[in-house]
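Peer 1: Can you read through this structure? Questions will come right after.
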């Protein structure tokens, strides 16, 4: 749902950043691939050998219409059908916060992918903090447009939370990209500044 | 949804006889076998546009079009085969044949044994899905088909498509497997067993020797079909179709005649079935379906598929409890494990197993997209910063 929203608003920054991260001819698995926009882009620009997993029938059909290979399935059930390190990249774009078991999903994607690309909206973004502080209501924003009762984002997190998690689970952060509407900043280590100013973040992570 | 809905028009069932004997999986050598088949569209110059579609349990070679101007019904997959349709006959050369052991033109137990000049009956050898596929391959060889652009089938047709990919991995470029399984569940075998039992326990079955008798095992065959039809529907489909409504009456009759619409439906299905199907064919074909188990035969499904280079499309229907989605997922998972190109869609439908013959709009869309691999990018490059 988030991904659709991003497309409808023309927010394609994530896609081009992710596309730049991926090597030509790589084997890519996109979890929660939505209507296949990113996979199609990677296929055309980077000639990847890609697969998608998507839970919604409607979006699975949209992927097929783009000529993509897609499996209808629930990533919360794990990736049992995939062998260890069978993909160069496993992507979880704007979906981590909507999974039921984010820790299990991350563990599974790190098992299957040599490298994993994870992106999510940073709940510690200053505008969200201020909105919450001054209005006392569940904050809504450009990237989190839902009401509390209909949001698919049931496991919202911050940059700080993510760093904490990777530390606890021995996950290596290979790259961190912090974005606001038009700006992009890179950093591997945690700092307060990023947690305050980044609206969305993209990490490349790995685990051996 | 579908543009240019047109029919392939008047078509004719053709016949090809395989003169030499074929070795069946059981070890028996059998022949000659005549195969009934139909084709739609034309084979292109490169000979790379042939698609084999395979019918389900009681289907026949007549997949599309009409046999005559007065024909009431078109072929069984006419919704999907024709100019501009999913299996576009302007682009593809579509072939469909009647299964070995069937009773719609291909040699089966009701055919005349040339050695005795009497119908084979139960002297017909028991065959397997591997054998039915072998026969289809002989037909394709006769038609000078060098490779298949796709092989497609639903239910038992899907099982044969799976076997086709396993038996002839280099011959098949893609496979479309609909509402099917790599092995029946014990529950599905149980329903087949009751169906067969119903035929065998009909005194008119007479050990399969009834072709020249006045009384045929119609009762047994129609009961078998009634059981089959229960499995093709689902609880929701039955509520939608019949509910608890009574058939042409407002109150119970307090006897054992037909009261409910669902009873009337099943009886009708049973009755019309005996006019078009042979009881012995039903025994043989359901047995072949029960035996089918490439997982067991090749050690695992992964091992069975390992030599295939085909691209796969697997579809199931969420209300199908006879060939449930989990069985399609088993196929998908084994293909994923091998790193094969596979797509899977679970279609929402209230129609049960029958959905594969009814939900043609979504299936058309999906199959059309799958078969068409030259799709240009539709994203807006300008928007990519």
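We did not get these values from a lab; they are worked out from the coordinates using the rules stated. Model, not experiment: these values are computed from the prediction. Backbone-built Cβ (ideal geometry, glycine too); neighbour counts: all protein chains shown.
Peer 1: Whole number please: convex hull volume per residue of the Cα set in the protein assembly as shown, in Å³? Intermediate values should be presented prior to the final figure.
Peer 2: Values: hull volume 111.8 nm³, N = 593.
It comes to 189 Å³ per residue, whole-number rounded.
Peer 1: With all distinct Cα pairs included, what does the Kirkwood hydrodynamic radius of region A:97-145 come out to in Å, to one decimal, could you say?
Peer 2: Result for region A:97-145, one decimal place: 12.9 Å.
Peer 1: Antiparallel versus total DSSP beta bridges in the protein assembly as shown: what percent is that, nearest 5?
Peer 2: 40
Peer 1: Just to be sure I understand: of the beta bridges DSSP finds with both ends in region A:2-206, what percent are antiparallel, rounded to 5? Mind dumping the intermediate values first?
Peer 2: Details: 16 of 36 bridges.
Restricted to region A:2-206, the bridges split so that about 45 percent are antiparallel.
Peer 1: If you average 1/r across every pair of different Cα atoms in region B:184-291 and take the reciprocal, what Kirkwood value do you get, in Å?
Peer 2: For region B:184-291, inverting the mean 1/r across all distinct Cα pairs yields 15.0 Å.
Peer 1: Another question, if that's okay. Arrange the following residues from fewest to most other Cβ atoms within 10 Å of their Cβ: A:63, B:351.
Peer 2: B:351, A:63
Peer 1: List the relative contact order of region B:1-55 as a percent without decimals, with contacts defined as Cα pairs under 8 Å and 6+ residues apart.
Peer 2: 29
Peer 1: Using the 10 angstrom Cβ neighbour count as an exposure proxy, how do B:300, B:97, B:364 rank, fewest first?
Peer 2: B:300, B:364, B:97
Peer 1: With only alpha-carbon atoms in the gyration tensor, what are the semi-axes of the equivalent ellipsoid for region B:101-166, in Å, largest first?
Peer 2: 26, 14, 9
Peer 1: A further question follows. Give, in whole angstrom and from largest to smallest, the semi-axes √(5λ) of the equivalent ellipsoid of region A:54-208, with λ running over the eigenvalues of the Cα gyration tensor.
Peer 2: Listed largest to smallest, the semi-axes of region A:54-208 are 27, 21, 14 Å.
Peer 1: Counting only C-alpha contacts under 8 Å and six or more residues apart, can you give the relative contact order of chain B as a whole percent?
Peer 2: 17
Peer 1: Whole number please: convex hull volume per residue of the Cα set in region B:272-355, in Å³?
Peer 2: Hull volume over Cα atoms, normalised by residue count, gives 122 Å³.
Peer 1: Continuing with the same structure: Let me know the Rg and Dmax you get for region A:119-208 when you use only its Cα atoms, in Å.
Peer 2: 13.6, 44
Peer 1: May I ask you to sort B:225, A:111 by Cβ crowding, counting other Cβ atoms within 10 Å and putting the fewest first?
Peer 2: The most exposed by this proxy come first: A:111, B:225.
Peer 1: Which of rounded, prolate, oblate describes region B:153-244, given a ≥ b ≥ c as roots of the alpha-carbon gyration tensor eigenvalues and a/c under 1.5 marking rounded, otherwise prolate only if a/b is larger than b/c?
Peer 2: Oblate is the answer for region B:153-244, as a/c is 1.5 or above yet b/c matches or exceeds a/b.
Peer 1: Could you give the distance between the Cα centres of region B:137-209 and region A:121-174, to the whole Å?
Peer 2: 53
Peer 1: Expressed as a rounded percentage, what relative contact order does chain A have, with Cα pairs under 8 Å and six or more residues apart?
Peer 2: 18
Peer 1: Counting helices only, and only those DSSP H runs with n ≥ 4, report the 222 nm mean residue ellipticity of chain A as the sum of -39,500 (n - 2.57) divided by its residues, in deg cm²/dmol to the nearest 500.
Peer 2: Numbers: 8 runs with 72 residues, N = 208.
Computed ellipticity for chain A at 222 nm equals -10000 deg cm²/dmol.
Peer 1: I've got another one for you. Once each part is reduced to its C-alpha centroid, what is the distance from region B:316-342 to region A:11-71 in angstrom?
Peer 2: 21
Peer 1: Can you classify region B:108-213 as rounded, prolate or oblate using the Cα gyration tensor, where a ≥ b ≥ c are the square roots of its eigenvalues, rounded means a/c under 1.5, and otherwise it's prolate if a/b beats b/c and oblate if not?
Peer 2: Judged from the Cα gyration tensor, region B:108-213 comes out oblate (a/c at least 1.5, b/c at or above a/b).
Peer 1: Calculate the all-directions average of the projected area of chain B's alpha-carbon convex hull, and give it in nm².
Peer 2: Projected over every direction and averaged, the Cα hull of chain B covers 23.2 nm².
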